[in-house]
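I have placed the structure first, in the form of structure tokens, so that the comments after it can refer back to it.
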Amino acid sequence: MQTIISPSLLSADFTNLKADIEMVNKSEADWFHLDIMDGVFVPNISYGLPVVQQINKIAEKPLDVHLMIVDPDRYVEAFQKAGADYLTVHYEACTHLHRTIQNIKQHGMKAGVSLNPHTSVSVLEDIIQDLDLVLLMSVNPGFGGQSFIENTYKKVTQLKQMITGQNANTIIEVDGGVNLNTGKKLLEAGADALVAGSFVFGANNPTETISNLKNL
Ligand code: DX5
Ligand code: ZN
């Protein structure tokens, strides 16, 4: 399977977002990664539903929405209406994770769970079969441009073993500090999808950078 590339618009130019969306539309990227931060689950606030709705009007690829918010159940329907295709919630933010995942699926979206760097993949053993995607954080969520946490490679390998062992059909996506070097090692460990923010939008040639990640 070819690597799924999901550029994170967090590092895009918000004074000219349309240009960056059109760049992604024309590139070899597969999804748009949208980071929603509430200032409670993470120390930062990003952007919310009205911005997602506007992005959805011109984005020609699936919206991969990463919710870094407490009590995400309150917003499942709203993000579905705003155009989310993949909706990922944090394990650490959900008391009744199984219920939340069913809720996302009942709203017609693909369901993902994200794990913070300190959370072991073993907590997913009893829910992996229900998940379309696991998003492993390779930085502490909240900001772009942080450096990659090396322990993530081991987590990718462990997660891959769990997915294969249970015959599950779950995408392994990694988010934070992804570049050509970390990206290559993540793919070798078993990752299927790479999120990249500052590496793509901070590059002199973002289109070429996406292509380089896609063809690692
Ligand atoms: C961090 C976000 C990431 C962020 C990644 O909380 O979840 O998606 O945009 O940024 P880079 O690729 O710059 O580490
Ligand atoms: Zn993210």
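Summary table
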{"item": "Any hit, the range 75-95, residues being touching a helix residue (DSSP H, G or I) at 6+ places or on another chain (Cβ under 8 Å), open to solvent by less than 50 Å² (accessible area, probe 1.4 Å) and within 11 Å of ligand 1 (Cβ to nearest atom)", "result": "yes"}
{"item": "Residues satisfying the stated conditions in the range 187-216, i.e. of a type outside the set (Asp, Glu), away from ligand 1 (no atom under 12 Å from the Cβ) and part of a helix (DSSP H, G or I)", "result": "Leu187, Ala189, Pro206, Thr207, Ile210, Ser211, Asn212, Lys214"}
{"item": "Filtered residue count, the range 5-22, keeping only those that are surrounded by fewer than 20 Cβ atoms within 10 Å (Cβ to Cβ) and under 19 Å from Asn169 (Cα atoms)", "result": "0"}
{"item": "Asp35 vs. criteria of a type in the set (D, E, K, R), in contact with a strand residue (DSSP E or B) (Cβ under 8 Å, 6 or more places away or on another chain), surrounded by 17 or more Cβ atoms within 10 Å (Cβ to Cβ) and more than 18 Å from Gly197 (Cα to Cα)", "result": "no"}
{"item": "Any chance Thr164 is farther than 30 Å from Asp73 by Cβ, in contact (Cβ under 8 Å) with a residue 12 or more places away in the chain, more than 15 Å from ligand 2 (Cβ to nearest atom) and open to solvent by 10 Å² or more (accessible area, probe 1.4 Å)", "result": "no"}
{"item": "Qualifying residue in the range 135-154 (condition: in contact (Cβ under 8 Å) with a residue 24 or more places away in the chain, closer than 24 Å to Asp85 by Cβ, more than 16 Å from ligand 2 (Cβ to nearest atom) and not acidic (Asp, Glu))", "result": "no"}
{"item": "Hey, Lys155 open to solvent by less than 20 Å² (accessible area, probe 1.4 Å), outside any loop (DSSP other than H, G, I, E, B) and charged (D, E, K, R) or not", "result": "yes"}
{"item": "Hits in the range 137-150 (condition: crowded, with 19+ Cβ neighbours inside 10 Å and either among the charged types (D, E, K, R) or over 23 Å from Tyr47 (Cβ atoms) (or both))", "result": "Phe148"}
{"item": "Matching residues, the range 167-188, being open to solvent by 20 Å² or more (accessible area, probe 1.4 Å) and of a type outside the set (A, V, I, L, M)", "result": "Asn167, Asn169, Gly177, Asn179, Asn181, Lys184, Lys185, Glu188"}
{"item": "Selected residue (only one of Val51, Val24, Val42 is aliphatic (A, V, I, L, M), on the phi < 0 side of the Ramachandran plot and within 14 Å of ligand 2 (Cβ to nearest atom))", "result": "Val42"}
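The values are calculated or read from the model by the stated rules, or taken from the named source; none is laboratory data. Note that this is a predicted model, so its numbers are computed, not measured. No Cβ is skipped: glycine too gets one built from the backbone with ideal geometry, and neighbour counts run over all protein chains shown. Remember, those area values only see protein heavy atoms, side chains included, never the ligands or the DNA or RNA. Shrake-Rupley method; radii C 1.70, N 1.55, O 1.52, S 1.80 Å.
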